[in-house]
Structure formats: C-alpha cells, structure tokens
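As structure tokens, the structure follows; a few thoughts come after it.
The values are calculated or read from the model by the stated rules, or taken from the named source; none is laboratory data. Since the model is a prediction, treat every value here as computed from it, not as a measurement. We place every Cβ from the backbone using ideal geometry, glycine too, and count neighbours over all the protein chains shown. Surface accessibility is based on the protein's heavy atoms, side chains included, excluding ligands, DNA and RNA. Shrake-Rupley method; radii C 1.70, N 1.55, O 1.52, S 1.80 Å.
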Amino acid sequence: GQSLEQPSEVTAVEGAIVQINCTYQTSGFYGLSWYQQHDGGAPTFLSYNALDGLEETGRFSSFLSRSDSYGYLLLQELQMKDSASYFCALREGGKLIFGQGTELSVKP
Amino acid sequence: EPEVTQTPSHQVTQMGQEVILRCVPISNHLYFYWYRQILGQKVEFLVSFYNNEISEKSEIFDDQFSVERPDGSNFTLKIRSTKLEDSAMYFCASSPGQGLLNEQFFGPGTRLTVL
C-alpha cells in the first residue's frame, strides 16, 4: 500500500518563506501532488512532480527526490490568505491517496 | 473558468434512508471521482469512473454505495441505507485525461449529516 507523512501544523509570519515536508512509501510511483484546502472548502490543485527537482508556480514551488521518497512544498512571500491545510498526495492507478494534511497558520 | 458543481451543499437524513448526491463535472473531462472527508481527517478515495463504468473503488465503497452517470453531464453517488458513520463531506472531482490524472478538480462538496 501507500502511506504519506507530513507535519500536522506549521506556523509562519506574513512575508516569510515556509516549507512543508512530505515523506512517502509506495510500491509504484506515479507522481506527488500538492493540494490546498481552506476551512471546509474544496481541495485545490497546486503543483505536481513526476520527476526529481523543483517545479515553480508563482509563489509556490514543489520539490521531489524519488530516491529519498521525499518532497516538499515551498511557499514564498506568505500572505494571510495562505492560511489553510496543505495535503501531499500520491497517485495510485487513477486515484489520489492523500496525506493527513498540514495546517498552516500565517500570523501578521 | 469551468468548475465542478455539487448539489445539495448540505443534506441531513435519518439513519437507514437513501441519499443521492449530485455532481456536474467539468464538461470535457473524462475521469470522475468521489472522495469523502470525515471532519478533521484526510480526504479518502471512494470510487473512480471512466467510460461509463467504475474503474476503481475503495474498501469504503461497499454494496451500500453506487454511482451513475445518467446523462452527459450529471454524475451521482447513491447511498442506499445511510449509517451514522457515513456523516462526512463528500467531494466530487474530475480530471481531463490519462496524462493529467494527478490534477483533479474538486467540487465544493456536499456535507452529509446522518442522524
């Protein structure tokens, strides 16, 4: 089966940079994705890595190291609206297997 | 921008009753999914649907659950006899095609409360 681990909570200040780590175990790798979920809202796709390295999308970047079964989401120039839960997710077949989520609190 | 829509936003039902949750995926998408999220927990996969049939289902998706695409736009999840533990937020999602299965577009969800 598959499993993912990520920190339950992270706190940072507005304007700062924060990194949310994700380690995973899987028997077949099809990519690591990141989703954002505001309180009670729909998960929203942020980024995806199939190959090692950094993918940049505006203020958000995602990194993958397949040899270490590790990835992270980097959020730069934090804004108050970035306060949300962030989930890493593995694809197994067509479905997504989500981690438990990291609640990010951005303080002024 | 096209989006996935779901109705109703909130459904309250008595234990043992049938509920149907409705979704309209993005129109040119080919893969459809139902996920659920119990309050405070992670999002869990229920079922995926492609080419008018179930392609995968989880252990949660037992005989009490069924899905249908009755026409070219709607995608429904039916729970035949609801249990208390079915209380959760149910999300419908869709994705465009084989090369983009990691990017799934989620609807706003239906909050199901079973009393």
Exercise. Please give the average number of partner chain Cβ atoms lying within 10 Å of the Cβ of each residue in B:80-92, rounded to a whole number.
Key: 1
Quiz prompt | Most mobile of A:L51, A:L74, A:L90 in a GNM of chain A (Cα contacts under 10 Å) | solution = A:L51
Quiz prompt | Two-site label geometry, B:E56 and A:S69: point separation in nm, points 7 Å out along Cα→Cβ | solution = 1.8
Self-check item: Accessible-area ranking of B:E68, B:E44, largest first, probe 1.4 Å
Solution: B:E68, B:E44
Exercise. Within the range A:24-108, report the GluC sites (Glu not before Pro) that DSSP leaves as loop and that have at most 14 other Cβ atoms within 10 Å.
Key: A:E77
Self-check item: Per DSSP, loop trypsin sites (Lys or Arg not before Pro) in the range B:39-104 with at most 14 further Cβ within 10 Å
Solution: B:R80, B:K83
Quiz item: What accessible area, in Å² to the nearest ten, does a 1.4 Å probe give for A:D52?
Solution: 80
Self-check item: Rel. contact order, % - alpha carbon contacts under 8 angstrom, at least six apart, chain B
Solution: 38
Exercise. For chain A, with a Gaussian network of springs between Cα atoms less than 10 Å apart, report the residue from A:A12, A:A42, A:A50 with the top mean-square fluctuation.
Key: A:A42
Exercise. For the protein assembly as shown, state the average projected area of the convex hull of the C-alpha atoms over all orientations, rounded to one decimal in nm².
Key: 12.3
Self-check item: Convex hull volume per residue for chain B, taking Cα atoms only, in Å³
Solution: 103
Practice problem: Measure out, as a whole number of angstrom, how far apart the alpha-carbon centroids of the range A:69-107 and the range B:31-64 sit. | Solution: 21
Exercise. Mark the label point 7 Å from the Cα of A:E9 along Cα→Cβ and return the residues of the range A:71-108 whose backbone N is within less than 14 Å of it.
Key: A:84-85, A:102-107
Quiz prompt | Projected label distance in nm at B:S27 and A:Q79, using a 7 Å step from Cα toward the beta-carbon | solution = 3.0
Quiz item: Which one of B:P25, B:P96, B:P70 has the biggest mean-square fluctuation once chain B is modelled by GNM with Cα springs under 10 Å?
Solution: B:P70
Practice problem: Compute the distribution of all C-alpha to C-alpha distances in chain A, in bins of 10 Å from 0, and list the percent of pairs in each, rounded to whole numbers. | Solution: 16, 51, 28, 5, 0
